[in-house]
Amino acid sequence: MVDPSQDLELFAMILAGGASSRLHASSPKSTVDKPLLVLDGKRVLTRVIEAATQAVRPEQLVVVGPAALPTGNIATVYEEPPQSGPYMAVRAGLQYFSQQFGPATQHAGVFILGADMPFIGLGMDQLVAHHCDSQTPKAVMAQAGGRLQPLLSYIPRGLADRLFAEPALNAGLMPTLRDTHHHILEVDEMAVADLDTYQDALDAGITF
């Protein structure tokens with residue numbers, strides 16, 4: 001893993017602003033939203049933040065979601081309007097980086113991470129290696145079991161700024177990322193295991 005104190009070119013955003021509607025609909029009892037579920041005594045969002053900060057300086061990480069989320073010293077921003085889809089969430093994260101750090105440099109890259117994947121750290125090393133080992137890194141999406149997961153992905157920051165320049169309400173990430181010249185990175189299935197439903201959460205070891 002890269003030393004985050006040395007690499008100023010790496011940024012990351014964690015998308016945490018969804019409504020967790022499938023989880024709530026499938027749960028037999030009232031429950032918190034997905035990022036706030038607890039695994040082994042730790043919130044899933046906290047686990048994702050810890051995985052991200054193994055690769056990215058904390059000040060170059062942002063959580064895209066409500067300001068009330070328990071993010072510690074990590075900044076939060078929220079897409080406008082709220083819950084207007086992952087495309088708009090990524091756009092909000094990129095705008096935050098531009099406001100805080102200025103235009104993207106030639107070698108800057110950004111990780112896009114989901115807030116409901118408790119084992120996402122299992123895939124981070126490979127994404128970091130792609131950034132570090134390539135002279136001109138391309139976009140990368142993780143894949144496991146034949147399923148692409150755009151919420152474990154890497155995009156050169158300058159390219160991301162162009163891809164998400166225009167607003168698109170309630171749009172997903174897959175159509176935008178599919179249209180780029182991207183690599184597919186095979187990862188452990190646990191790395192992309194999410195908590196979309198009550199059963200998914202049980203399978204991951206969440207206790208209610």
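None of the figures in this text is laboratory data; all of them are computed from the coordinates on show. Just so it is clear, the model here is predicted, and its values are computed rather than measured. FYI the Cβ positions are ideal-geometry reconstructions off the backbone, even for glycines, and counts take in every protein chain you see.
Screening S153 on (1) over 23 Å from A16 (Cβ atoms); (2) in contact with a strand residue (DSSP E or B) (Cβ under 9 Å, 6 or more places away or on another chain) shows it passes everything except condition (1).
Within the stretch 172-200, the residues that satisfy the criterion of being among the hydrophobic types (A, V, I, L, M, F, W, C) and more than 25 Å from F101 (Cβ to Cβ) are M174, I184, L185, V187, M190, A191, V192, A193, L195. What is the residue count in the stretch 23-42 for residues that are under 19 Å from the mean Cα position of the chain (by Cα) and either among the aliphatic types (A, V, I, L, M) or under 24 Å from S84 (Cα atoms) (or both)? The total comes to 8.
Tallying residues that are within 18 Å of L195 (Cα to Cα), in contact (Cβ under 8 Å) with a residue 60 or more places away in the chain and in contact with a helix residue (DSSP H, G or I) (Cβ under 8 Å, 6 or more places away or on another chain) within the stretch 62-118 yields 7. From the list L185, L169, L173, the one residue that fits, being aliphatic (A, V, I, L, M) and surrounded by fewer than 19 Cβ atoms within 10 Å (Cβ to Cβ), is L169.
Tally time: how many residues in the stretch 127-150 are part of a helix (DSSP H, G or I), surrounded by 18 or more Cβ atoms within 10 Å (Cβ to Cβ) and touching a strand residue (DSSP E or B) at 6+ places or on another chain (Cβ under 6 Å)? Quick ask: steps written out before the conclusion?
Initial filter on the stretch 127-150 (part of a helix (DSSP H, G or I)): 127-133.
So of that shortlist, the ones also surrounded by 18 or more Cβ atoms within 10 Å (Cβ to Cβ) come out as 127-128, 131.
Filter once more, keeping what is touching a strand residue (DSSP E or B) at 6+ places or on another chain (Cβ under 6 Å): 127, 131.
Here the count works out to 2.
Checking T105 against (1) out of contact with any Pro (no Cβ under 8 Å at 6 or more places or on another chain); (2) closer than 23 Å to D125 by Cα; (3) not aromatic (F, W, Y); (4) not in a loop (DSSP other than H, G, I, E, B): exactly one of these is not met. Which one? Going through the list (1) out of contact with any Pro (no Cβ under 8 Å at 6 or more places or on another chain); (2) closer than 23 Å to D125 by Cα; (3) not aromatic (F, W, Y); (4) not in a loop (DSSP other than H, G, I, E, B), T105 breaks only (4). Residue-level check: of (1) closer than 27 Å to P167 by Cα; (2) outside any strand (DSSP E or B), G72 misses just (1). Among the residues of the stretch 75-102, those identified as out of contact with any Pro (no Cβ under 8 Å at 6 or more places or on another chain) and outside any helix (DSSP H, G or I) are A75, V77, E79, E80, P81, Q83, S84, G85, G102.
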